[in-house]
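The structure under discussion appears below in the form of structure tokens.
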Amino acid sequence: MRRVRLLFLAAGVLLGGCDRGSSGQEEKTVDARSPLEIAARERGVVQPEAEALTGVFERAHDLGRDAMCVVPDGAGRWRFALTAAFGSRLACRAHGTIARDGDGWRLNFAGGDDCTLTLREEDDELRWPGRLPGECESLCPGRTTLAGLRLPRASWSAADARGLRMRDAAGNIVQPCAD
């Protein structure tokens, strides 16, 4: 009987500790100078606090791979390169600059027709609008389009973005964000 009472007493003490409120201390902030934090950010394991788009966005599918690298290009600006596959021989390739635009990201495509559009970022995924402006029709060959494209984030690392490999129009493997 005494053992049973001790067992209930021990269980009560243990369960009583489960309902403790906070001690009044706010959660500690991340020490950005911590060697572990620095290493995790360099490897792209954790996202830095700054609102930066730097990194790799990538998705593999039955027709190939869609990928985008984004690297810094001045204060509050980035540059990007993008490829979207529509089979083994058909792909859409583009590059340009990016800047924050309200809650989204404004892409300015290089070359031709002054194509600009705003992307949304939700749950670490870039989402293109379902319909692109007329100025953007010449971005992709034939009847292909970037409309509705979704690219999940694969890395927050600038080094990964610079090292991302894509095929150019001639079929050569290039690193468009390396420069």
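Rule-based calculations on the coordinates, nothing more; no lab input. Just so we're clear, the structure is a prediction, and the values are computed from it rather than from any experiment.
For the stretch 52-174, the spherically averaged projection of the C-alpha convex hull amounts to 7.4 nm². Annotation: amide H-H contacts under 5 Å for Cys115 (H modelled 1.01 Å from N, sequence separation of 5 or more, or interchain): Phe109.
The HN-Hα couplings worked out from phi for the stretch 172-179 by the Karplus form 6.51 cos²θ - 1.76 cosθ + 1.60 (θ = phi - 60°) are 7, 7, 10, 10, x, 9, 6, 6 Hz, whole numbers, x standing for Gly and Pro. The spacing between the stretch 66-105 and the stretch 112-174, judged by their C-alpha centroids, is 5 Å.
For the stretch 68-78, the Karplus equation 6.51 cos²θ - 1.76 cosθ + 1.60, evaluated at θ = phi - 60°, returns couplings of 8, 10, 9, 10, x, 9, x, 5, x, 10, 9 Hz by residue, with Gly and Pro reported as x. Near Glu125, the amide H atoms lying under 5 Å from its own belong to Arg153; only residues 5 or more places off or on other chains count, and H is placed 1.01 Å from N.
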